[in-house]
1. Helix-only estimate, please: 222 nm mean residue ellipticity of the chain, summing -39500 (n - 2.57) across DSSP H runs of length 4 or more and dividing by its residues, to the nearest 500.
2. Computed on alpha carbon atoms, what radius of gyration and Dmax characterise the chain, expressed in Å?
3. Please calculate how many Å² of accessible area the stretch 285-327 carries per residue, with a 1.4 Å probe and no DNA, RNA or ligand atoms counted.
4. Take the alpha-carbon positions of the stretch 142-281, form their convex hull, and give its projected area averaged over all directions (one quarter of the hull surface) in nm².
5. May I ask you to give the percent of accessible area on the chain that is carbon plus sulfur, with a probe radius of 1.4 Å?
6. Quick check: the angle from helix 163-175's long axis to the longest principal axis of the chain, C-alpha only, nearest 10 degrees?
7. With +1 assigned to the C-beta of every Lys and Arg and -1 to the C-beta of every Asp and Glu, and no other charges, what is the dipole magnitude of the chain about the Cα centre in debye, to the nearest 20?
8. Pairing the Cα long axis of helix 251-261 with the longest principal axis of the chain, what angle in degrees results, from 0 to 90 and rounded to the nearest 10?
Amino acid sequence: HGVIDAEVAWLRVPQRHANPAGPTQVLRVVRLKAVDGSGGHAPVVYLAGGPGGSGVGTARGDRWPVFDQVRQHTDVLLLDQRGTGDSQPAPACPYDAGLEDTKPLQRDAALAALQAQAARCTGWWQQQGVDLAGYTSQESADDIGALRRALGVPRISLWGMSYGSHLALATLRRQGDGIERVVLIGAEGPDDTLKLPSSADALLARLAPLAARDGFDDLVGSAGRVIAALEQQPATGRSIIHQGRQVTLGAFDAQLAIAAALGRRSTQQMLPLALRDAEQGNHDLLAALVLSVREELQAIGAMPLAMDVASGASPQRRALVARQAQG
């Protein structure tokens, strides 16, 4: 997007805000000054999703025009949340789950492999001195309070997307007196970390009329037929996106790939063609989605893992998910 004038700062915060005299860590913040220079509105702090996304990295991407519009009227603060971007991320874990391209994923076996990987990574990070228990939405919310005080302003506004909305809500609970306005996109509530199967079904149904306009009829039925066919007989596909890598995929692979594809506009647009091709015996596009999911599953980061575990899910939420999954 060219060269954009900005200021960078480093904010030192306690690893545990309840222990302000204890160990600290440093957060990167970039300020985009208001173009009109008036300073008449509360600064807007952008909270990236993930968890694990970089606020600075997001503004450098294809969403820049939105950031550019907001900075016309007020300062925009791009925060790399603790453990993300340049805010002292933990070292990459050297272990993976060993998911094999030659075998379709089976739910229970894949879950066991990922749990074993998470356990090995957790132990390794602890050996490296990483304070995993410091990665919580409550600690990050108090980081935002510290940022407001460092700025010397009475109030800030929050702009959060996906997990960023989850963090914004936590900040409202803990730092509400210092918050002027909040904008939530793809809102993830306090008990929404574990997603509902019905949400994916509803989104697939909502996309179906749009797909039909482009000549892809019966998107919902197509998804069901592809999963059923792979339940009976796994298939192989070769992904151009992954340099021609070949993978054997099954029904659980397809379920994961469809659910993940619904979460991004670019893959939403790719999904109808991938399903139609699969019904016609060509699984290459679906293989690209499957391999992307497998790579993401195995790319365990300290902050994303610890943050999602800390957010957790209530017994009521787990019971609801289980009921919907059986249906």
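The values are calculated or read from the model by the stated rules, or taken from the named source; none is laboratory data. As the structure is a prediction and not an experimental result, all values here were calculated from the model. Cβ: placed from backbone, ideal geometry, glycine included. Neighbour counts: every protein chain shown. Quick note on the areas: whole protein, heavy atoms, side chains included, nothing else; ligands and nucleic acids left out. Shrake-Rupley method; radii C 1.70, N 1.55, O 1.52, S 1.80 Å.
1. Values: 12 runs with 155 residues, N = 327.
-15000 deg cm²/dmol, from helical runs alone.
2. Computed over the Cα atoms of the chain, radius of gyration and Dmax are 21.6, 64 Å.
3. Numbers: 2150 Å² over 43 residues.
For the stretch 285-327, the per-residue accessible area is 50 Å².
4. Numbers: hull surface 45.4 nm².
Across all orientations, the stretch 142-281 yields a mean hull projection of 11.4 nm².
5. Values: 8690 of 16800 Å².
Looking at the chain in its full context, I get 52 percent from C and S.
6. The angle comes out near 30 degrees.
7. 540
8. 40
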